[in-house]
Structures are given as C-alpha cells and as structure tokens.
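Worksheet: the structure to be examined is printed underneath.
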Amino acid sequence: MVKGDGSDSSVSWQSIRDTMMTRIRAQDYAPGELIPNEVDLAAEFGCARATVNRALRDLATSGFLDRRRKAGTRVREAPRRKATLSIPLTRAEVESSGARYDYRLLERAIETPPPLVRETLKLSGTERLLHVKSLHLADDVPHMFEDRWIVLETVPAIETVDLAKTSPNVWLVRHLPYTHGTMEFLAETAGARSRHLICADDDPVLTMLRVTWLDASPITFARQSFSPSHRMRLEL
C-alpha cells in the first residue's frame with residue numbers, strides 16, 4: 001500500500017535489516033565505511049524513514065553498526081555480538097544429556113548472609129534471608145552443588161514451599177519473573193563442597209555466581225558448583 005508521502009507501508013523493517021545485513025556480509029559496505037543516510041535509504045527502499053531507522057537500530061543493537069549522532073552510521077570493523085543467556089532449569093540440562101535427574105535438599109534455614117551476599121544484593125542487614133543448600137544429581141552421580149540465598153522480603157511465598165520436593169531453581173523460574181541479573185563464572189578449588197561433589201578438596205570446579213533482581217528488589221544470590229568433570233557449551 002502506497003501512503004500519501006509515496007512510501008510503501010508493505011516494506012517491513014525486517015526486510016530492510018536483512019538486505020542491509022546481506023550487503024554488510026558481502027562487504028558492499030566495507031568495515032569502517034559510512035553507509036547511506038536514512039533519507040537516501042528510505043528513498044531506495046520506497047518506505048518511511050522510521051522504517052529504515054528501526055532496521056538500523058536493530059543492526060546496531062546486534063553489534064554490526066556503530067551509530068553516532070551527527071557522525072553518521074558506520075559498519076563496525078569488529079562486530080560486537082551480544083550474548084543473551086537464560087536461566088537454565090538444572091533438571092532440563094541433566095535430562096537433555098540423557099541422564100536421569102534427581103535432587104536432594106541438604107539444608108534449609110533463615111540466616112544472616114555473609115558480607116559478600118549482603119554487599120552484592122545491596123542489603124541493609126535487617127532483611128530475612130532463606131539459606132538453602134542442595135545437590136543436583138545425574139544418574140545418581142553429583143552434578144551440581146547449590147548454595148543459595150533468597151530475600152524473603154522480595155519472595156515471601158517461597159517460605160512455605162516444600163523445597164524437599166521442589167528445588168528453588170524450579171520454583172523461582174516458574175513463579176517469579178526477574179527483570180535483570182548477572183552471571184559470573186570462575187574456577188576455584190572444591191574445598192568443603194568436595195564431600196558433596198565426591199572429589200578432593202583441591203580439585204578445581206567450575207562455579208557460577210548468579211544474582212537476580214525484580215526491578216530494584218534483590219531476589220537471590222546463588223553459587224552453583226559443578227562436578228570436576230562438568231563441561232559447559234555455549235552457542236555463538
């Protein structure tokens with residue numbers, strides 16, 4: 001459909017994005033080169049300038065274009081790709097490998113968090129936190145030991161949940177959407193966790209520190225330590 005300004009409303013921003021991406025890959029626009037401005041592209045594609053703007057914003061967000069006010073839009077010399085990670089369900093991870101999943105609640109208590117947890121979650125020190133330690137298994141072999149702190153002020157409903165039957169990982173993913181968070185990966189020695197992971201104290205283990213928030217309210221701080229044989233695979 002042609003609008004009064006001569007633009008074609010049937011031209012989608014996705015089709016423009018795909019065409020521009022094809023040109024970038026073919027180096028019709030070389031790395032570091034300025035691409036045509038929005039007015040010229042809108043004329044070329046026969047669409048509104050806003051449609052072109054939406055397509056270019058998506059390419060910039062994906063890391064292929066560098067957009068600067070008054071300086072134009074250039075093809076990035078080294079595209080910066082953004083990785084988006086979702087919070088995994090440990091059961092699904094284990095079962096997708098073909099193993100049988102099991103879960104054991106080891107400890108559960110209302111406790112005062114250590115300084116690292118308190119500082120990371122920006123707590124005042126008056127909040128009530130649920131401290132849960134659990135073990136996740138694959139074919140009866142330890143897969144991951146989890147040490148988790150949950151802020152009950154943010155998640156009061158979990159205090160009455162039977163965590164011997166449902167892991168905090170499953171319950172939180174299903175019942176409380178988070179708005180943002182962080183994941184940090186590190187290698188460290190097993191230490192006291194070795195008795196749960198069935199390894200030596202000085203064996204290196206992969207640990208993931210995960211923190212989630214609901215707007216400005218902290219939800220949980222989880223330290224997940226995997227067995228020494230664990231391998232993590234990410235797709236780019």
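Residues in the range 119-130 that are surrounded by fewer than 18 Cβ atoms within 10 Å (Cβ to Cβ) and not small (G, A, S) were compared, and the one that is nearest to E188 (Cα to Cα) is T120. Can you pull out every residue in the range 20-40 that is part of a helix (DSSP H, G or I) and farther than 14 Å from R57 by Cα? Answer for the range 20-40, where residues must be part of a helix (DSSP H, G or I) and farther than 14 Å from R57 by Cα: T22, R23, I24, R25, V39, D40. For the range 212-231, the criterion of being in a helix (DSSP H, G or I), without any contact (Cβ under 8 Å) to a residue 60 or more places away in the chain, assigned by TED's automatic domain parsing to the domain that holds V141 and over 19 Å from R104 (Cα atoms) is met by no residue. Is the range 217-231 home to any residue that is surrounded by fewer than 18 Cβ atoms within 10 Å (Cβ to Cβ), hydrophobic (A, V, I, L, M, F, W, C) and either over 17 Å from R118 (Cβ atoms) or within 24 Å of the chain's Cα centre (by Cα) (or both)? No; the residues of the range 217-231 include none that is surrounded by fewer than 18 Cβ atoms within 10 Å (Cβ to Cβ), hydrophobic (A, V, I, L, M, F, W, C) and either over 17 Å from R118 (Cβ atoms) or within 24 Å of the chain's Cα centre (by Cα) (or both). Quick check on my filter: what residues within the range 146-199 are in a strand (DSSP E or B) and within 20 Å of E107 (Cβ to Cβ)? Within the range 146-199, E146, D147, R148, W149, I150, V151 qualify. Only one entry in P168, P177, P156 is without any contact (Cβ under 8 Å) to a residue 12 or more places away in the chain and out of contact with any Asp or Glu (no Cβ under 7 Å at 6 or more places or on another chain), namely P156. Selection of the range 122-144 for residues being hydroxyl-bearing (S, T, Y) and assigned to a strand (DSSP E or B) yields only S134. Every test in (1) surrounded by 12 or more Cβ atoms within 10 Å (Cβ to Cβ); (2) modelled with pLDDT under 95 is passed by V211 save one, and that test is (2).
The values are calculated or read from the model by the stated rules, or taken from the named source; none is laboratory data. As the structure is a prediction and not an experimental result, all values here were calculated from the model. Ideal geometry is used to build each Cβ from the backbone, glycine not excepted, and the neighbour counts take in all protein chains shown.
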